[in-house]
Structure formats: structure tokens, C-alpha cells
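Presented below is the structure to which this report refers.
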Amino acid sequence: MSLHCEKIVKTYGGKDVLQSVTLDLQPGKIYGLIGRNGAGKTTLLSILSAQNPASGGAVTLDGEPVWENRRSLSRICFSRELNANAESGLSAMKGKEYLRIASTYYEGWDKALEERLVKLFNLNLKKRFAKMNKGMLSMITIIVALCSKAPYTFLDEPVAGLDVVAREQFYKLLLEEYAASGRTFVVSTHIIEEAADVLEEVIILHEGKILIEADTQAFVDSARHVSGKAEEVDEAVRGLEVHYPEVVGRSKGVTVFLKPGERVDESRDVSVQPVSLQRAFVALCGEEERHEA
């Protein structure tokens, strides 16, 4: 039962926010969807969950269309950041009302898990959203995501506003639920390093296009940071895919992505270091800003 989108396009004001995005989400995996602000992450998740119509292309779950298909939609949960300002219409809603409405939508709703998480997070569900801080609102979205039991569950910036202890709690809960249920999760987050060990697959969305879709560990293992005197670095990485050059005086550092069989020439006087997921992401998607500077 894969969730597939084919050549998805989304246009706002004459601009293509998503450009022919094709993606196949397989059952029983935790995906990380990462990208810079404005890359189209939230838009893509909203289209995959039929909360937003695509301008072109199609989304199917197990071969059936998702759009206006109650059967498909009941198996997808998109728990996104809650906007509690006056214009959103949610400011007057109480936490208990929001969870009650969510529980009626998802037939597999886990009430026992809801009660456990409310207690764990020490949430006062009698509070209106307007009186909740960003961390509390994130806890609400996490409860909806985990308790929905939807086979495909998307979380958009689930740890926004949470302190480091609560963020660690969330990832433990996510892994616990994943191990117990085998559900598919897609986590979109800007706090990449904390999520890196949890994400089996990484999807990098850049300027409306999928730049990378790969096994997280394989992707990270393919990257190296090479530094030393500029001329030595240039020779050591000759013929390789080079990104994000950093030059200070006569010294230089670059990030390379190695294809099978490729190696950095370590006979040169250079330092070759492994690269984290965050640094690999910055190397791929941060270059335009450096060039503009």
C-alpha cells in the first residue's frame, strides 16, 4: 500500500511552488522531508493528504485517488503546525474540543494513548488555543498524529517550540509507535541533527523540486569534507562532485559527494572528514546564498 504522487505541480500567483514532483512513499518507513523555507514542504504534504488541490499531477494510495476519496483519506493524517491567531478561527477552541473532533475523524483513534500523552506532556486541555504557547500547540499536533493510527502520518515541524527534553520525548514516542505499528511517518523539520538518527530515508526538497531521495545513512556516508591548502584540495577532489567551497586565505574546504567507486585522493596533504546530515544538506542547498553574498 504505497502512497504515490506523480508529476505534482502547484502554482500560486503564476509561480510554480512545486515543479513536477514524483515521489513514492513505501509502508513501514520513517521519512525525513527537509528543505529551506519556501522549498514547498508544507505544500507537498498538504497535497499528499488532499488538504490542498494540486495544479497538476495525481496522488494515489494503493492505486486509488486520494482527492475526495474518503477511504483513502481515512488512512492519511497530516498533523500540521496550529495557527492560533484571531484570523485562523482556532483561537477560541479548547484543546479537548480539538482532540474530540480529531478522534471522530480517525476510526482507529487510540483513546488510551491520548490520555497517556496528555498526562506525559502535562497539558491542560481546558485552555483555549489562544492561551497556549507554541510548545503546547506542538504537543497537541503530536497527540493527533500518534493517536490517529493512520497508516500514513505526516508531521510538519512537530518539535517547534518544544524544549530539548520534550523533543527527545517526542522522538522516543515516535520510534515506540513505529516499532509497535509499522506505520509510515514523514517528519518535516528544520532541527535536522536531532532527527537524523531516526530518519530511515531522507527527501530533500529544494526550490520546488526533489533534489535527493535516498537512504539516510547511505546519503551521509557518500559525503566527505575535504580541507587543506587550496591547491592540494583542488587536486584531491578533481573529477568529483564538489559543493560549498569555503576559502580563507590559502586554505580551502569543500564538501564532496562520492559515487560508487569514487574516492578522495588522500595522497594529497588534505584532511578528509565524515559529514553530518545537516552539513550535507547545507552543502547542497546553501550554495546560492554564498554565491549571492
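The values are calculated or read from the model by the stated rules, or taken from the named source; none is laboratory data. None of the values given here were measured: they were computed from a predicted structure. Neighbour counts are summed over all protein chains in view; Cβ atoms, including those assigned to glycine, are modelled from backbone coordinates with ideal geometry.
List of remarks:
- For the range 70-87, the set of residues classified as closer than 17 Å to M136 by Cα and not basic (K, R) consists of S79, E81, L82, N83, A84, N85, listed by residue number.
- Condition broken by A130, with the remaining ones in (1) without any contact (Cβ under 8 Å) to a residue 40 or more places away in the chain; (2) part of a helix (DSSP H, G or I); (3) surrounded by fewer than 18 Cβ atoms within 10 Å (Cβ to Cβ) satisfied: (1)
- Residue match in the range 96-111 (condition: under 25 Å from V165 (Cα atoms) and surrounded by fewer than 13 Cβ atoms within 10 Å (Cβ to Cβ)): yes
- When each of R71, R75 is tested for being in contact with a Pro (Cβ under 9 Å, 6 or more places away or on another chain), closer than 28 Å to A180 by Cα and of a type in the set (K, R), the lone residue that passes is R75.
- Among the residues of this structure, F78 counts as one that is surrounded by 13 or more Cβ atoms within 10 Å (Cβ to Cβ), under 24 Å from the mean Cα position of the chain (by Cα), in the same structural domain as S181 (by TED's automatic domain parsing) and within 20 Å of A160 (Cα to Cα).
- Filtered by the rule that a residue be under 19 Å from K229 (Cα atoms), assigned to a loop (DSSP other than H, G, I, E, B) and of a type in the set (G, A, S), the range 252-277 gives a lone residue, S267.
- Residues of the range 1-43 satisfying the condition of being outside any strand (DSSP E or B) and within 23 Å of D62 (Cβ to Cβ): M1, S2, Q26, P27, G28, K29
- Among the candidates A50, A84, the residue that is crowded, with 17+ Cβ neighbours inside 10 Å, in a loop (DSSP other than H, G, I, E, B) and at positive phi is uniquely A50.
- Candidates V282, V254, V202, filtered to the one that is crowded, with 18+ Cβ neighbours inside 10 Å and either farther than 23 Å from A160 by Cβ or of a type in the set (F, W, Y) (or both): V254
- Restricting attention to the range 133-159 and to residues that are of a type in the set (A, V, I, L, M) and assigned to a loop (DSSP other than H, G, I, E, B), the residue that is surrounded by the most Cβ atoms within 10 Å (Cβ to Cβ) turns out to be A150.
- Scan of the range 211-227 for residues that are closer than 17 Å to H243 by Cβ and not basic (K, R), ordered by number: L211, I212, A214, F219, V220, D221, S222, A223, H225, V226, S227
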